[in-house]
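Take a look at the structure below.
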Amino acid sequence: STMRERKTTDPPNSSTDLSEGKEKLRLKQEVGLISGVSLIAGTMIGSGIFMSPEWVLHHMGNPASSLLIWAACGLLAMFGALSYAELGTIIKESGGEYIYILRIFGSFPAFLFAYTSVILVRPAGLAAVCLSFAEYAVAPFYPGCSPPQVVIKCTAAACILLLTIINCLNVRLATSVMNIFTADKLLALLVIVVGGLVLLAKGQTQSFQNGFQGTTAGIGAVGVAFYQGLWSYDGWNNLNYVTEELKKPEVTLPRAVMIAIPLVTCLYLLVNVSYLAAMTPTELLSSGAVAVTWGDKVLGSWAWLISLSVALSTFGSSNGTFFSGGRVCYIAAREGHMPDILSMAHVRRLTPSPALMFTSMMSLIMIISGNFTSIVNFFSFIAWFFYGMTISGLLYLKIKKPELPRSYKVPIIIPIIVLMAAVYLVLAPIIDQPQTEILYIIAFIVSGIILYFPLVRFKCHPRFLQSITLHLQLFLEVAPTTRDAN
């Protein structure tokens, strides 16, 4: 009935423990407001805005209603992020949904989230983004034909390995990469926006005449259209994964959210308008890569710039996904829900390198074994299930624990709207168009229940694991960390 206590009693502001005569490691607070905005916007703007518009249009049936979906997705992302900002100022720990579910609901549901996120959702999402990066990166070398799958997969694997090196070397290097690539992708989107405005000024508005004609009304189709749109907004909660690495989190977290998400929403709407100004809805639906088709029509011989920009954009997005995804693994291990080695940081570089390497390894397995055509729907199904659980935790704290100190408060109606949307997004596609793949996801979550009781609840660990952990510690030069227990 009360928020779960932290497992440690580390002093809140000390980075050394003199009584033990040894220095305690903790991740540095190196993420400021600009890096925070870059982490949110840079992760959100990935492959989605260049790939999803045709699918939103396909499910909604016409341009006007598809634009409404894009606006509604932006509003929902904003509401979700504002709700998370309040949670982040109450529970000032890294880990996003995982740490909030753990502190509010306890160990068992938090383990299920960590198990699903670390082994399936995050690596699959990262692999999907890296595969789309690879498709755009190798396309210029195969004019007039599709690149071989082996080339795409090898390029995606190389992308993941490069990201692993960058993120393991230095937090500041990783955030600098994020800032540079965010600036690049904002520039690319601005080129598309300006091109669209020029086309509209010339009178190319035929796509918007009778805009609502043929709108799809099915709840399942609308839900799947939301999934496709929200995939492009995914990353709105990324800053909550690195709360302990934020400078002044109580100020930086809400401000970064209020800058990044409205900026991305406006850009997405204007980019969609630009696509529809350059193409008819039929042309847009038949385009394999909307941004490239737009470039061919509007930029002519300069169209290669769009392919390059999309490749750079998806690389920057995968860096943000990797940066935050590694933190979930690290925090879950620190709480005893993953092997101890994953909770350690490099003794000199102060990066959670074992957790990053594990995330990288799982993503590589996903790339080798899979094709991610339906990843978006299944990723969104799991994500919104746990988003809904997290938001219900915030509502519980607002109603039952109003006395808890918080520097930012969101009006209660906002998390209620997000919770209703989460319930709709989880249930609508199941009720309207049940798919067998969703049963596989549920079976995977159930398998986590079987592992939880012996490994976490009763701590039945084989003896040889301790020896392996010690050898890995020496090899990777890592040591246990302490949390910043605010």
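The values are calculated or read from the model by the stated rules, or taken from the named source; none is laboratory data. Note that the structure is a prediction, hence the values are computed from the model and not measured. Virtual Cβ from ideal backbone geometry, glycine too; neighbours counted across all protein chains shown. We work out accessible area using only protein heavy atoms, side chains counted, and drop any ligands, DNA or RNA first. Shrake-Rupley method; radii C 1.70, N 1.55, O 1.52, S 1.80 Å.
Details
- Entry note, the chain: the mean residue ellipticity at 222 nm calculated from DSSP H runs of n ≥ 4, each adding -39500 (n - 2.57), is -22500 deg cm²/dmol after division by the residues and rounding to the nearest 500.
- Computed from the Cα positions only, the extents of region 253-386 along the three principal axes stand at 55, 40, 34 Å, in decreasing order.
- Local electrostatic count at residue 384 - Lys and Arg +1, Asp and Glu -1, tallied over other residues with Cβ under 14 Å: -2
- Translational diffusion coefficient of the chain (Stokes-Einstein, Kirkwood radius from Cα pairs, 20 °C, 1.002 mPa s): 93 µm²/s.
- 0 to 90° range, to nearest 10: angle between helix 171-201 axis and the chain longest Cα axis: 20
- Heavy-atom accessible surface of the chain, averaged per residue, reaches 42 Å², computed with a 1.4 Å probe.
- Relative packing of peptides 347-359, 291-303 - highest average C-beta neighbours within 10 Å first: 347-359, 291-303
- Share of carbon and sulfur in the accessible heavy-atom surface of region 33-480 [1.4 Å probe, %]: 70
- Highest average packing first - 164-173, 57-66, 42-51, Cβ atoms within 10 Å: 42-51, 57-66, 164-173
- Cα→Cβ-extended label distance, 7 Å offset, between residue 248 and residue 72, nm: 3.8
- For the chain, a crude dipole built from +1 on the beta carbon of Lys and Arg and -1 on the beta carbon of Asp and Glu, taken about the Cα centre, is about 940 debye to the nearest 20.
- Sequence ranges 195-201, 127-133, ranked by mean other-Cβ count within 10 angstrom, highest first: 127-133, 195-201
- Across the cross-link table entries 247/400; 247/401; 153/247, which are compared at the Cα atoms, the separations over 32 Å belong to 153/247.
- Shape call, region 241-315: gyration tensor on alpha carbons, a/c limit 1.5: prolate
- For the chain, with +1 on Lys and Arg beta carbons and -1 on Asp and Glu, the positive-most of 74, 134, 195 along the dipole: 74
- Less than 5 angstrom separates the built amide H of residue 481 from those of 345, all sequence-distant by 5 or more or on a different chain.
- Rounded accessible area of residue 340 (nearest 10 Å², 1.4 Å probe): 90
- Relative contact order, percent, region 33-480 [alpha-carbon distance under 8 Å, six or more residues apart]: 33
- Alpha-carbon centroid distance for the pair region 394-446 / region 91-152, whole angstrom: 20
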